[in-house]
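Since the structure comes first, as structure tokens, the remarks are kept for the end.
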Amino acid sequence: MSDGGVSSKPTPLVHPSSAAGADPPVKRTTVRITNVYATSWRVDPTLSAGALGDHLRLWRLERNYRLAEEQLPRVLLHEDLDPQAIRVKRWPHISTLTGATAWLFNLPSGRVVAALSLDVNCEIGDVTDLLEDCYFCDVHVEDVLINQQIQRMMASLDGDAVYEEDLLPERHQLVFGDPPASDECEEVMQHLVYRADLPYNKEHSVICYPDELNRRPGWLAAVGPYVSVVCGHADFIQNTIFLSAVQGVAAAAELREIRHAAYRDVSLFRSPIRDGRSVQSRRKALERIADNLKGLEIELSYSVEAPADLGLLVPSLRVESFHKALFESMELLAKAETVSRMLERLGRAISAELTSIESAERRADEERRLRWGVAIGFLSAVAVPAGIILAYFGINANQVNPDRSIFDHHYLPVYITVLTVMMIGAMLAFSLYLQQVIRNRKQQRD
């Protein structure tokens, strides 16, 4: 069985801090650097190469991961790399590299997250430059950079697809090794988490030390926004920490994309007002924004906020302690709250704009009904008198002389009377229409 979080050296069967040897710490001969990278690629969320327990030792927690596998990362592919074919830019001890493994994970959102694990035979405090190389992907595998190697692995899953996008900026690094000497432990943690051998003021550090992961002698865990260091814990705990980092990186990438999508929707929201489009086009634009907004709110809830609560799925104090510390260190929930308020306010703005559009449409309907009323009134004012005249000439009466033409001046008083009635009706209809138009324009100005 492959192991993504620890070295392949067998663990001892008995340890004083364990129950019958079930939870021994890992005695390492190497230091493992695991780099987790977000990608922009998405696949079918149900696609996987097997359960997590088939690739990572999870011990008694494997059952919990199986029960909640639709809510947790799945392994798409993992591939052992030739350590002799790996080159880096800054780190001078590349000859101490003893192993390398590349991973592809599939998240419930469909997002693909990549990982690269390197085993090096050196002291834990000597890997600062290697962390810098891995973070900026200055790692070559044979003739290509590591991001291109990851693209090749992704393409191998689907030969018809082309994956040319670069890795996203969201990434996190894990350092697994034996704890350093107690007198230099804090300094080593600072150098590793900040990836720099520079003086520092410890009172201004953002490094978090989760209580449960530092509770016993020989245990050590330091969590930063971009680098975490874990020493002295059993392999299954280190593997769950590896999976937590995958979830954290995926959540950060989702959150950034949701924020970008919200800004695009705001630009779309402003454009109909700025361009002076018709009411109908504004309504269609707002409906598209509202549809996008619903999807963004779902993704925010299920791809960012829900993954922050791992304790409900995996009841382990140490696992939950690291997971919570990681999300707090990356400030994902605080950032998610900001994005949630952005989406909420955009939704309220859309509702207000739709209300304004409905009011404008009601006014347009009233004007349309008024125009039809004026037209019908005008036709009535013309048709009714004309019908009376035609009916008059069609009756058999003494006043109607069949020898006289309908245009004879003898009927002029009748025509004048009818024409006067028609003009009065038309003027009344036009004045009512004009009053309504003036009132609507006044309401629009107000």
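With the convex hull drawn over the C-alpha atoms of the range 206-318, the volume per residue is 108 Å³. In order along the range 217-231, phi translates into HN-Hα couplings of x, x, 8, 8, 8, 10, 10, x, x, 10, 9, 10, 10, 10, 9 Hz, rounded to whole numbers, per the Karplus curve 6.51 cos²θ - 1.76 cosθ + 1.60 with θ = phi - 60° and x for Gly and Pro. Solvent exposure of the range 178-309, expressed per residue, is 48 Å² of accessible area, with all protein chains present and a 1.4 angstrom probe.
Close amide H partners of Val139, meaning residues 5 or more places away or on another chain with modelled amide H under 5 Å apart, are Ile146.
Overall shape: oblate for the range 61-162, with the ratio a/c of the largest to smallest alpha carbon gyration tensor axis at 1.5 or above and b/c at least equal to a/b. Please compute the net charge surrounding Leu255, taking Lys and Arg as +1 and Asp and Glu as -1 over other residues with Cβ under 11 Å from its Cβ. Every neighbour counted, the sum reads -4.
In this Cβ point-charge picture (+1 for Lys and Arg, -1 for Asp and Glu), the range 68-110 has a dipole of about 380 debye about its Cα centre.
Put a dot 7 Å past the Cα of Ala364, heading toward its Cβ, do the same for Ala349, and the two dots end up 2.3 nm apart. The label-point distance for Ala306 and Asp211, in a model that sets each label 7 Å from Cα toward Cβ, rounds to 2.9 nm.
For the peptides 330-340, 77-87, residues were scored by their other Cβ atoms within 10 Å and the scores averaged per peptide; the highest-first order is 330-340, 77-87.
Computed 3J(HN,Hα) for the range 259-270, one whole-Hz value per residue from the Karplus formula 6.51 cos²θ - 1.76 cosθ + 1.60 where θ = phi - 60°, is 5, 4, 5, 5, 5, 5, 5, 5, 4, 5, 5, 6, glycine and proline marked x. Near Leu333, within a Cβ-to-Cβ distance under 12 Å, what is the net charge of the other residues, with Lys and Arg +1 and Asp and Glu -1? So the surrounding residues net to -3. The amide H of Thr39, built 1.01 Å from its N in the peptide plane, has Val112, Ala114, Leu168 as neighbours under 5 Å, considering only residues 5 or more places off or on other chains.
Once backbone amide H atoms are built at 1.01 Å from N, Thr98 has Asp119, Val120, Asn121 as its partners under 5 Å, excluding neighbours fewer than 5 places away on the same chain. Per-residue 3J(HN,Hα) values for the range 353-360, derived from phi via the Karplus relation 6.51 cos²θ - 1.76 cosθ + 1.60 with θ = phi - 60°, read 5, 5, 4, 4, 5, 4, 5, 5 Hz in sequence order (x marks Gly and Pro).
Only bridges whose two residues both fall in the range 99-253 count here: according to DSSP, what percent of them are antiparallel, nearest 5? Of those bridges, close to 75 percent are antiparallel. Taking other residues whose beta carbon is less than 11 angstrom from the beta carbon of Val141, and scoring Lys, Arg as +1 and Asp, Glu as -1, yields -2. Quick one: grab the alpha carbon gyration tensor of the range 209-269, order the square roots of its eigenvalues as a ≥ b ≥ c, and give me rounded if a/c is under 1.5, else prolate or oblate depending on whether a/b is larger than b/c. It comes out prolate by the Cα gyration axes. Put a dot 7 Å past the Cα of Val144, heading toward its Cβ, do the same for Arg264, and the two dots end up 2.7 nm apart.
The values are calculated or read from the model by the stated rules, or taken from the named source; none is laboratory data. On a predicted model such as this, the values are computed, not experimentally measured, just so you know. Cβ atoms come from the backbone with ideal geometry, glycine included; neighbour counts cover every protein chain shown. Areas reflect the complete protein model, heavy atoms only, side chains present, ligands, DNA and RNA absent. Shrake-Rupley method; radii C 1.70, N 1.55, O 1.52, S 1.80 Å.
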